[in-house]
Amino acid sequence: MLPEFLTFPDPDAVAAEAATRFLTLAKAAIAERGQFVVALAGGSTPERLYKLLATRELDWEKISVFFSDDRFLSPASRFSNAGLALRLLPLSPKLTFPVPAETTLDAAECAAEYERELLAALGPEPCFDLVLLGMGDDGHTASLFPGKPALTATSWVTHSTPGVLPPPVDRVTFTFALINAARNVLFLVTGANKREKVARWRAGVGSVHTLPVLGVAPTEGTLTVLLDEAAG
Ligand code: 6PG
């Protein structure tokens with residue numbers, strides 16, 4: 001399954017489109033099911049989106065927030081994906097689920113605990129209304145890095161040693177099984193450093209082991225990639 005690729009002039013336009021889609025999906029999910037269940041992306045690209053969402057009318061008391069991956073660090077760390085979202089968004093503490101790095105001994109235990117928390121909150125067949133993702137310039141997504149065992153994990157959540165991109169910290173990550181069970185998957189990919197991998201992705205060239213983004217193929221959900229011109 002190849003995504004719908006949409007190209008916008010610049011990162012601000014990508015963030016604006018993502019914010020519009022986030023709001024539309026949130027309002028529909030809350031109207032239909034009383035809640036919106038979303039997994040936020042990591043890295044730096046989503047920062048513009050989070051700053052926009054903080055200015056919009058959203059019922060955060062009905063929005064459950066998980067993280068499609070994170071570093072095995074406290075949310076207080078400047079390298080924590082959850083920390084970025086917690087600093088920028090008015091998240092409901094009781095509905096926000098950072099990876100439990102502060103109460104587990106290592107990334108493996110943290111991943112197992114995060115899966116238990118996720119299943120307790122969402123039931124045995126977790127289905128996110130929206131999973132937000134980025135892509136590294138090595139073609140990874142979440143913390144599913146080229147050549148790593150996490151690519152073939154059969155659980156809902158797994159762990160990984162660092163990839164080639166910083167920070168060199170163990171990770172906790174959604175697996176393809178969890179991502180592909182989502183109703184909607186939305187990538188935000190910007191910057192010229194990602195151009196080569198985006199071109200291979202659009203051509204369907206490579207394998208999941210060399211280009212992990214190819215492993216994102218929702219079983220029934222939508223798959224959209226928002227690009228700026230530099231990346232696309
Ligand atoms: C992480 C992220 C990772 C990120 C990509 C893109 O923890 O590093 O979850 O998957 O989405 O590496 O990162 P940038 O948005 O910073 O380019």
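Just a few scattered comments:
- Condition check for L226 on (1) without any contact (Cβ under 8 Å) to a residue 24 or more places away in the chain; (2) buried (at least 16 other Cβ atoms within 10 Å of the Cβ): one failure, at (1).
- Only one of the listed residues (A107, A39, A120) is out of contact with any Lys or Arg (no Cβ under 9 Å at 6 or more places or on another chain) and open to solvent by less than 40 Å² (accessible area, probe 1.4 Å). That residue is A39.
- When residues of region 164-185 are limited to those that are farther than 14 Å from A107 by Cα and within 11 Å of the ligand (Cβ to nearest atom), the one most open to solvent (accessible area, probe 1.4 Å): V164
- So L130, is it open to solvent by less than 30 Å² (accessible area, probe 1.4 Å), more than 26 Å from E4 (Cβ to Cβ) and within 15 Å of the chain's Cα centre (by Cα): no
- Listing of strands (runs of 3 or more DSSP E) fully contained in region 118-232 that carry 2 or more residues being of a type in the set (A, V, I, L, M, F, W, C): 130-133, 171-174, 184-189, 222-228
- Of all residues making up region 44-81, the number that are acidic (D, E), under 24 Å from T141 (Cβ atoms) and surrounded by fewer than 22 Cβ atoms within 10 Å (Cβ to Cβ): 1
- Residues of region 21-52 satisfying the condition of being more than 16 Å from the ligand (Cβ to nearest atom), small (G, A, S) and part of a loop (DSSP other than H, G, I, E, B): G34
Rundown of residues vs (1) among the β-branched types (V, I, T); (2) more than 13 Å from L130 (Cβ to Cβ), yes/no style:
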residue	(1), (2)
L23	no, no
I30	yes, no
G34	no, yes
R48	no, yes
L52	no, yes
L58	no, no
K62	no, yes
V65	yes, no
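The values are calculated or read from the model by the stated rules, or taken from the named source; none is laboratory data. Computed from a predicted model, the values in this text were never measured in an experiment. Neighbour counts run over all protein chains shown; Cβ positions are idealised from the backbone, glycine included. We work out accessible area using only protein heavy atoms, side chains counted, and drop any ligands, DNA or RNA first. Shrake-Rupley method; radii C 1.70, N 1.55, O 1.52, S 1.80 Å.
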